[in-house]
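As structure tokens, the structure follows; a few thoughts come after it.
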């Protein structure tokens, strides 16, 4: 593992992530941990909205912390959950879920183990 520092003004948001309605700013954790841990900030692309497909992720750990705005998810066994600035959710491995909607200004920190994982429609 390596030491890593990431500054917002040194790294750009990119639109080539898992969802086309979000942009992602990698925080350098993937590289520093050799892929064991992923961490990125996700923000909405204004005017683009969730398409709502249920899916699962093949990973060991996933958490989302809302930095700004709000997002509404559906989780199997839990129903709809509204997350707003300051909310944190741990999504257990394999939980079936989908995003329902989000504010145009939503920003979230997501941490995963490992950094790369499979996403399967459910």
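Bear in mind these aren't lab numbers, they're just calculated from the coordinates by the rules spelled out. Predicted model, so just to flag it, every value in this text is computed and none were measured. All Cβ positions, even for glycine, are placed from backbone atoms using ideal geometry, and neighbour counts span all protein chains on display.
Details
- Taking every alpha-carbon pair under 8 Å whose residues sit at least 6 apart, the range 21-103 reaches a relative contact order of 31 percent.
- The stretch between residue 31 and residue 67 holds 10.6 nm of extra length on full extension. This uses 0.36 nm per residue minus the Cα-Cα distance.
- With a simple spin-label model that places each label point 7 Å from the Cα along the Cα-to-Cβ direction, the separation between residue 9 and residue 55 comes to 3.4 nm.
- Shape summary: the chain maps onto an equivalent ellipsoid whose semi-axes, from the alpha-carbon gyration tensor, are 22, 18, 13 Å in decreasing order.
- Stretchable slack from residue 113 to residue 95, in nm (0.36 nm times residue separation minus alpha-carbon distance): 5.0 nm
- Peptides 50-62, 25-37 ranked from most to least packed, by the mean per-residue count of other Cβ atoms within 10 Å: 25-37, 50-62.
- Between residue 75 and residue 2, the contour length at 0.36 nm per residue exceeds the alpha carbon distance by 22.8 nm.
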